[in-house]
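Everything on this sheet refers to the single structure shown next.
The values are calculated or read from the model by the stated rules, or taken from the named source; none is laboratory data. Because the structure is predicted, anything quoted here is derived from the model rather than measured. Quick reminder, even Gly has a Cβ in these numbers, built from the backbone with ideal geometry, and neighbours come from all protein chains shown. Heavy atoms of the whole protein, side chains included, go into the accessibility calculation; ligands, DNA and RNA do not. Shrake-Rupley method; radii C 1.70, N 1.55, O 1.52, S 1.80 Å.
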Amino acid sequence: MKERIKKLREQSLSIKPYVTPERAKLITEFYKSDAADKVSSPVRRALAFKYLLENKVVCISENELIVGERGPAPRATPTYPEITAHSLEDLRILNKREKTSFAVGAETKKLYEEEIIPFWKGKTIRDRIFGEMREEWKAAYEAGVFTEFMEQRAPGHTVLDDKIYKKGFIDFKKDIERNIKNLDSSNDPEAPKKKEELMAMEICSDALIMYAERHAEKARELAKKEKNPERRKELERIAENCSRVPARTPRDFWEALQYYWFVHLGAYIESFNARFRLECLNEHWFLSLYDVKEKIESWQRDYNENRPHSSLGNVPPEQFAAQNLPLKTDSIRAPGTIKNDLQNFGLT
């Protein structure tokens with residue numbers, strides 16, 4: 001193992017992960033502001049993303065060659081109150097639990113108690129969805145028949161697509177502008193919504209380019225102060241990379257890795273959820289809370305009735321339930337079968 005990698009690994013292992021209030025504070029500031037009013041949902045979400053990337057701390061650690069952090073420092077874990085706001089009890093458990101604990105400082109607790117929790121109460125996506133679900137659904141959820149996907153967790157899938165190595169975001173912006181120009185408002189009733197979505201894409205593209213340039217500026221500042229000539233040269237190259245990508249196509253492997261990392265970070269900073277977000281929220285334009293309920297229940301039916309699950313012998317849950325096989329017992333749920341559980345909660 002090279003000395004640089006050894007030091008970075010030691011840094012990663014030695015720092016205790018902690019909850020940073022940075023993202024929660026910034027996203028709350030944005031949604032309290034006038035900028036969040038009188039715009040469509042896609043544009044509002046894009047402007048929130050832009051606000052985050054404009055204002056979050058830029059961190060370049062010693063020995064790093066690929067730069068960018070999800071929080072203000074290594075091992076700083078952001079929260080997503082617009083999705084689901086942690087309670088003070090949640091923060092206490094995160095801080096004290098034996099396995100995979102996250103330190104929660106007094107500043108974070110104070111911010112949550114005084115600003116985050118009061119503002120987001122009843123406004124989070126989780127609160128609004130749960131407010132529309134049937135009591136039978138809630139009872140089944142509480143009993144552990146199935147889980148929902150609005151608990152906070154990090155993305156489990158990377159953003160890997162070869163198009164990002166063939167086009168820079170300046171090129172993507174040209175594609176977006178061309179698509180806006182080609183919209184047919186006279187014959188396509190969806191054209192206004194498509195325009196809003198395309199405008200949001202353009203805002204996000206500009207935001208990610210700007211975020212990379214902030215790293216370039218930081219690297220140049222550090223290079224001016226650096227006494228070690230080798231590290232100074234690395235910082236100057238980092239600045240060059242960040243000014244190049246993701247705005248333009250990468251010219252070598254180093255730039256390609258940095259490009260990939262900025263795109264991955266963008267997805268991470270913007271939102272937390274993986275499977276549910278990618279497969280449901282990203283595919284639908286929600287017109288109302290009733291529409292949310294209808295589309296999510298449709299997604300749930302597809303998940304339960306059509307998709308094979310490796311843990312169930314590669315068959316969908318409904319087919320598994322029809323076989324009346326015993327369900328594994330755990331410390332939460334009583335022994336039984338999926339079929340019986342569904343019948344008990346009126347879901348069959």
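Annotations
- Coordinate range of the alpha-carbon atoms in region 40-131 per principal axis, descending: 48, 41, 22 Å.
- Protection proxy ranking of 20-30, 190-200, 226-236, 66-76 - average other beta-carbon atoms within 10 Å, highest first: 20-30, 66-76, 190-200, 226-236
- Magnitude of the charge dipole for region 4-114, about its Cα centre and with charges confined to Cβ atoms of Lys, Arg (+1) and Asp, Glu (-1), is about 420 debye.
- Peptide packing: for 260-270, 114-124, the average count of neighbouring Cβ atoms within 10 Å per residue gives the ranking 260-270, 114-124, highest mean first.
- Distance between the pseudo-spin-label points of Ala106 and Lys163 (7 Å out from Cα toward the beta carbon): 5.0 nm.
- Based on protein heavy atoms only, region 60-129 ends up with 53 Å² per residue of surface accessible to a 1.4 Å probe.
- Heavy-atom accessible surface of region 1-100: percent carbon and sulfur, 1.4 Å: 52
- Its Cα centre serving as origin, region 1-63 has a Cβ charge dipole (Lys and Arg +1, Asp and Glu -1) of approximately 260 debye.
- Debye intensity ratio in log₁₀ form over the Cα atoms of region 1-69, taken at each q of 0.20 Å⁻¹: -0.86
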